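Have a look at the structure below, then the notes.
The values are calculated or read from the model by the stated rules, or taken from the named source; none is laboratory data. From a predicted model like this one, the values you see are computed outputs, not experimental measurements. Cβ placement follows ideal geometry from the backbone for every residue including glycine, while neighbour counts extend to all protein chains displayed.
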Amino acid sequence: MKRNLKSGFTLLEILVGLTLLVIIVGLSAFLYARAARIRKLITYQNDVQNTLNSMITEIVYGSRDTAGLEYAKEIVKDIGNPAYAIGFYDATRNETVFYLISPGMNAEIPSNPPTTDTDTSLWQAKSNTMPPRNSNEWKLLDPNKSIELASGSGFTYYRLKNTGLEKIDNLSSETVVAVEIILNGKTTDPSLKTRPVITTRTFVRIKNKLPF
């Protein structure tokens, strides 16, 4: 008489299979989270870099509605602290443009008086003279408030000497022939606050000045 035996998995085999399944699922979740983190970091770097490049481009080349530093005829001398501000006149457009590095991004107006708050951004204004900080003439160049400018951002002015270019501390008595712009930026995303600062810099020779 034949015995009717049914084949199946033993309890041990089921436990081993479940253990392997848990390991595979856990490893997949870990790799996915790691890939998502790397993708976020890459996106962060690209976004900050693109915003900084956009700011630099606006200052140097201007836009359809705004004159650029590269085409400026004169640098405005009365701008307060030149390390954090620049103003220039474009004769072709008959326009004077000012840029200011200042806290106040969250309030959407430059802080007055200047503060050491961390919501620093780049501001733009069009006026015959440097507008006061609490003026509504200032507008954010990063309206989405995606980045904040870090320490070290600023403008450095140069004059031409027999030995070459020399930095200027006082604009009132010197002729500016070139400007160095440095913008250090980081994201405003709280989850990425610890990421390193990204730097963009450029060097611009003022039009109609002596070659060097």
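Scanning region 53-60 turns up no residue that is under 18 Å from ARG133 (Cβ atoms) and either hydroxyl-bearing (Ser, Thr, Tyr) or surrounded by fewer than 19 Cβ atoms within 10 Å (Cβ to Cβ) (or both). Please work out if ASN134 is more than 23 Å from THR66 (Cα to Cα) and part of a loop (DSSP other than H, G, I, E, B). Criteria not met by ASN134.
Mind checking whether some residue in region 112-133 is surrounded by fewer than 18 Cβ atoms within 10 Å (Cβ to Cβ), without any contact (Cβ under 8 Å) to a residue 40 or more places away in the chain and of a type in the set (A, V, I, L, M)? No, every residue in region 112-133 fails to be surrounded by fewer than 18 Cβ atoms within 10 Å (Cβ to Cβ), without any contact (Cβ under 8 Å) to a residue 40 or more places away in the chain and of a type in the set (A, V, I, L, M).
Mind checking whether some residue in region 89-100 is farther than 24 Å from THR57 by Cβ, charged (D, E, K, R), modelled with pLDDT under 90 and surrounded by 14 or more Cβ atoms within 10 Å (Cβ to Cβ)? Within region 89-100, not a single residue is farther than 24 Å from THR57 by Cβ, charged (D, E, K, R), modelled with pLDDT under 90 and surrounded by 14 or more Cβ atoms within 10 Å (Cβ to Cβ).
Of the residues making up region 140-165, those that are within 29 Å of THR118 (Cβ to Cβ), assigned to a loop (DSSP other than H, G, I, E, B) and of a type in the set (S, T, N, Q) are ASN144, SER146, SER151, SER153.
Here's the yes/no breakdown for (1) at pLDDT 95 or above; (2) over 14 Å from GLY87 (Cα atoms):
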site	(1), (2)
LYS167	no, yes
SER172	no, no
ILE181	yes, no
THR187	no, yes
LEU192	no, yes
VAL197	no, yes
PHE212	no, yes
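Tell me which residues, restricted to region 147-188, are under 13 Å from the mean Cα position of the chain (by Cα) and either more than 16 Å from ILE101 (Cα to Cα) or not hydrophobic (A, V, I, L, M, F, W, C) (or both). Once the filter is applied, which keeps residues that are under 13 Å from the mean Cα position of the chain (by Cα) and either more than 16 Å from ILE101 (Cα to Cα) or not hydrophobic (A, V, I, L, M, F, W, C) (or both), region 147-188 yields GLU148, SER151, GLY152, SER153, GLY154, ASN184, GLY185, LYS186, THR187, THR188. Please go through region 166-181 and give me each residue that is in contact with a strand residue (DSSP E or B) (Cβ under 9 Å, 6 or more places away or on another chain) and either surrounded by fewer than 16 Cβ atoms within 10 Å (Cβ to Cβ) or assigned to a loop (DSSP other than H, G, I, E, B) (or both), ordered by number. Answer for region 166-181, where residues must be in contact with a strand residue (DSSP E or B) (Cβ under 9 Å, 6 or more places away or on another chain) and either surrounded by fewer than 16 Cβ atoms within 10 Å (Cβ to Cβ) or assigned to a loop (DSSP other than H, G, I, E, B) (or both): GLU166, LYS167, ASP169, GLU174, THR175, VAL176, VAL177, GLU180. Being outside any strand (DSSP E or B), of a type in the set (S, T, N, Q) and closer than 20 Å to ARG195 by Cβ: is that true of SER54 here? Spelling it out, SER54 is indeed outside any strand (DSSP E or B), of a type in the set (S, T, N, Q) and closer than 20 Å to ARG195 by Cβ. Answer with yes or no whether VAL16 is surrounded by 11 or more Cβ atoms within 10 Å (Cβ to Cβ) and more than 24 Å from ILE147 (Cα to Cα). Criteria met by VAL16. Within region 5-38, if we keep just the residues that are at pLDDT below 75 and charged (D, E, K, R), the residue that is farthest from ILE181 (Cα to Cα) turns out to be LYS6.
Considering region 194-208, the residues that are farther than 27 Å from GLU166 by Cα and of a type in the set (Val, Ile, Thr) include one that is surrounded by the fewest Cβ atoms within 10 Å (Cβ to Cβ), namely THR194.
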